[in-house]
1. If B:GLU131 satisfies every condition in (1) assigned to a helix (DSSP H, G or I); (2) of a type in the set (Asp, Glu); (3) surrounded by fewer than 24 Cβ atoms within 10 Å (Cβ to Cβ) but one, which is the exception?
2. Give just the number: which of (1) hydroxyl-bearing (Ser, Thr, Tyr); (2) in contact (Cβ under 8 Å) with a residue 60 or more places away in the chain; (3) assigned to a loop (DSSP other than H, G, I, E, B) does A:SER152 not satisfy?
3. Return the pair list, or none, for Cβ contacts closer than 9 Å from residues in segment A:105-125 that are farther than 13 Å from A:GLY489 by Cα and open to solvent by 10 Å² or more (accessible area, probe 1.4 Å) to residues that are β-branched (Val, Ile, Thr) and part of a loop (DSSP other than H, G, I, E, B), at least 6 apart or on different chains.
4. Every residue in segment A:477-513 that is within 19 Å of the chain's Cα centre (by Cα) and open to solvent by less than 70 Å² (accessible area, probe 1.4 Å), please.
5. Give the number of residues within segment A:14-36 that are in a loop (DSSP other than H, G, I, E, B) and open to solvent by less than 30 Å² (accessible area, probe 1.4 Å).
6. Are any residues in segment A:240-275 open to solvent by less than 60 Å² (accessible area, probe 1.4 Å), within 11 Å of chain B (Cβ to nearest Cβ) and more than 21 Å from A:LYS348 (Cβ to Cβ), and if so, which ones?
7. Would you call B:LYS234 surrounded by fewer than 24 Cβ atoms within 10 Å (Cβ to Cβ), touching a residue at least 60 places away in the same chain (Cβ under 8 Å), farther than 24 Å from A:LEU416 by Cβ and of a type in the set (Lys, Arg)?
8. Of all residues in segment A:162-195 being in a strand (DSSP E or B) and either without any contact (Cβ under 8 Å) to a residue 60 or more places away in the chain or within 11 Å of another protein chain (Cβ to nearest Cβ) (or both), which is nearest to B:ASP183 (Cα to Cα)?
Number of protein chains: 2
Amino acid sequence: MAAAAADGEAIEGPTNPMVTPLLTDLYQFTMAYAYWKAGKHQERAVFDLFFRRNPFGGEYTIFAGVEECIRLIANFKLTEEDIFFLRSSLPGKCEDGFFDYLRGIDCSDVEVYSITEGSVVFPKVPLLRVEGPVAVVQLLETPFVNLVNYASLVATNAARHRFVAGKSKALLEFGLRRAQGPDGGISASKYCYLGGFDATSNVAAGKLFGIPLRGTHSHAFVSSYMSPDEIIDKALPYSDGSGICEDFVSLVRTWLRKIQLTDSLQNSFVETNQSELGAFISYALAFPNNFLALVDTYDVTRSGIPNFCAVALALSDLGYKAGGIRLDSGDLAYLSCEARKFFCAIEKEFRVPGFGKMTITASNDLNEETLDALNKQGHEVDAFGIGTYLVTCFAQAALGCVFKLVEINNQPRIKLSEDVSKVSIPCKKRCYRLYGREGYPLVDIMTGENESPPKVAERILCRHPFNESKRAYVVPQQVEELLKCYWPGDSGKKAVELPSLKVTRERCIQQLSQMRPDHMRRLNPTPYKVSVSAKLYDFIHFLWLNEAPVGELH
Amino acid sequence: MAAAAADGEAIEGPTNPMVTPLLTDLYQFTMAYAYWKAGKHQERAVFDLFFRRNPFGGEYTIFAGVEECIRLIANFKLTEEDIFFLRSSLPGKCEDGFFDYLRGIDCSDVEVYSITEGSVVFPKVPLLRVEGPVAVVQLLETPFVNLVNYASLVATNAARHRFVAGKSKALLEFGLRRAQGPDGGISASKYCYLGGFDATSNVAAGKLFGIPLRGTHSHAFVSSYMSPDEIIDKALPYSDGSGICEDFVSLVRTWLRKIQLTDSLQNSFVETNQSELGAFISYALAFPNNFLALVDTYDVTRSGIPNFCAVALALSDLGYKAGGIRLDSGDLAYLSCEARKFFCAIEKEFRVPGFGKMTITASNDLNEETLDALNKQGHEVDAFGIGTYLVTCFAQAALGCVFKLVEINNQPRIKLSEDVSKVSIPCKKRCYRLYGREGYPLVDIMTGENESPPKVAERILCRHPFNESKRAYVVPQQVEELLKCYWPGDSGKKAVELPSLKVTRERCIQQLSQMRPDHMRRLNPTPYKVSVSAKLYDFIHFLWLNEAPVGELH
């Protein structure tokens, strides 16, 4: 569970202890030295953290990672060991006074304004506005961008998978083994849950964040058994404690024969795999209330499903309810339908109520496209276990968040580029989301800090920041200010209270449900509009002309 | 620096403290319980860790990550807190005796055989062979696969970038901000260095692993200055301490005018950007011996380069040598050539020896393709700073390492699949690399554990494991056994000595240089051959028939 910072309570450090002030680019320290040498290090700077394009060809992004940023700055302190290392690592010989300065810095002079974690966000709008002494805020650039980039990317990926899978399906994150490093795995579990997944297989993430855990068994477990004869302790008590079945193995074998001999089940199997049968029985003896079986080690329809059903029916005799099966290869649409048919036939044939509703989990190399294809073909899968494509964000492995100086010493700054999409929007800004009559967000608008905010029912001109001809009047039915103070907190607290992961997850799900559907669809989604006020528009273009060099043509 | 395990010395834990026995999938623990319930948990199992396809459309992979695996098992111990958490997380009520068992486990009964870290490796050949009590070895599956997958993927990506860039270029890893989470960043720095990079920008990785650090300054640094008038302390001592230049700013301005008025330099600029000039002077005052300038904040040819040259010439007057420039946008081929021309013209015009050789670093969204395109166009870049595409392995964000049971209780096991490429190669095996007359590796061959090893100058039949018709006789000139014991070490040590990252990096570079060039080329590389002995071939197919179910056609 995310530790909330109650009154006076200290905020815990980042989840990963490797997130320290040294987790930054060398140039942040060389710049800090240059600022210090120039006596400029205390100048008050304002930086915006934002991205330029939504990932995965979509038109929305889920913002995540700010909690970890706050944990970092709440505990931001260079150790003597860090300073010793820096002394030997900076190019050239830096003056001692600089290291004394480094020794003293923390983030008490820094202010962080942020969009609420778990919100739906859009390009160009600052996710974070960070203000403070220029040298200190520069040091935060790399870790902040690192902590937000992947968190937002993978949360967005999770939300997109949820969108395709539909609300009724269980989504399980199974990516730890393929993630980019250990905390690629741990962050993935955290932020996939935030983005709408239901559970993870990652035990450490379950412990750290209170995420529900799920898992079955592996192919190796199946092939580690030779046959049911290996099983020595064959006894299983009845579910209600009323007695003991002394030979559960025989009971399963009896059921298997019954299944085999029942014509209406249309079996095509002669003999099921005995090592698989042994493994299933063993797993059922260990977890009679939670028997789940991976049925594709040898042959799904001719071995895995009959073996599973025999064990499940034997469990049912003793008052237990089996959980279901997992399919990890082959044609998941076809196999899930075959499995469902078989379960229903068993329910009917042997009068076992509910047997047809057995949970079917599918897991092999799933992604947005395969989920979509499964939906189109029709399938009977209840739960999806998704790994590689989800956690590595295979379809687009990076989000391009940047951190740009927009003001220093109350002077607005602009970053120019020959590529217009890379020109930054200067000034310390306020950002609002304007909602329309139907309750959908219509447009985000950025204004200068001192402009009066948009008002409900009052017409306001929203301009594209760089395209002169794109503008529209909007009469908002609701106005939401996006950036809220996260650090320092008011009334003596060091930060605003950090909500739990569950609360953030609920916000995310609620925000997604509030969006106009055409922004969310997978194919040709409509871009959501991001704008600036007329005043800010004029100022951007004044500053641009002012800074751009004038050439001479020869 | 990687801590080597000297005599009797304990091996440090994994680099990331989050790598603990809980960093695993839940099902590893549910299976452990089922094994324990069945009295099967101590059965000796052999697992192979391998991948099925080389990444990035190539025909080779660099193996990395084993050091971290050894650090994990050398310190493998569940804490009371872990056990408490597991008790509440396993489905159903597990018996107390199981938790007593978990409390007692460590990896003293486990053996790990591994290919040397930093080696060039190929599909299907086990990178690691892990033997031990089945319940314990299963727990290791997830962290081992996690630790090897990304490490090998990113090391391979680095090696591929090195291959395209050529040996003479400096390669700098600048990916921390875009990496998948904090230790996506730290692992990236470690394994890119292993794969042949020269340095990183990541300070924490520099500290942890002794990797050289590099960095310049950012666009924000440039735009944080308004003009050189901001600079208060304008004095700079001569390099040799012989005196002081009281007004370095004026000296720079004098040089800028000289450059402007020199017709032979063919300037197209009227006035350079003053905020940029201020930033450059300030950076030079801080690092007169290591002055590097990012020259593309406003306009490379009309502002950045002339400003840089003016500062560099002023530094030269005082006996300092400027480092060079960084280009971070635009047409890098063209701009680097323009910069080089200008530097050479300055060298000639003002007689500053070596000025033309100024280092040019390029950084914007570089990857294998853009490096290749730059080579084809011709460029003057000396060093490449590579981030996003390198560290996130954008071209292919995951390597599919798997961990398969190949033997239990001395019984060989096979994992079948309708997809032949997914059938596992059973048996505890030995693996050899056979070298030809020209010193190139010819083929890797796997044999049963008790077969006699291939001998130099003796003909041996190498068979494709699954394709009957693919086989060849080989007469090796050299035979290398690939799997070496990493854990436990002999002569009382707990593990073999873990080589330093530098040594592993050298091995990698040496191994790459030893490969036949047609396996390494980017376009249509020749697949390297991986084979099994005739005996193993026969055994695989015997086992396969034995395990596959026999159907009936209706």
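1. Failing condition for B:GLU131: (1).
2. Among (1) hydroxyl-bearing (Ser, Thr, Tyr); (2) in contact (Cβ under 8 Å) with a residue 60 or more places away in the chain; (3) assigned to a loop (DSSP other than H, G, I, E, B), A:SER152 violates only (3).
3. Every condition considered, the pairs that remain are A:LYS124/A:ILE425.
4. A:LEU498, A:PRO499, A:SER500, A:LEU501, A:THR504, A:ARG505, A:ARG507, A:CYS508, A:GLN511, A:LEU512, listed by residue number.
5. 8
6. A:THR272, A:ASN273, A:GLN274, A:SER275
7. no
8. The selected residue is A:GLU173.
The values are calculated or read from the model by the stated rules, or taken from the named source; none is laboratory data. What you are looking at is a predicted structure, and each value in this text was computed from that prediction instead of being measured. Cβ sites come from the backbone with ideal geometry, for glycine too, and all protein chains shown count toward neighbours. Side chains are part of the model used for accessible areas, which takes the heavy atoms of the whole protein and leaves out ligands, DNA and RNA. Shrake-Rupley method; radii C 1.70, N 1.55, O 1.52, S 1.80 Å.
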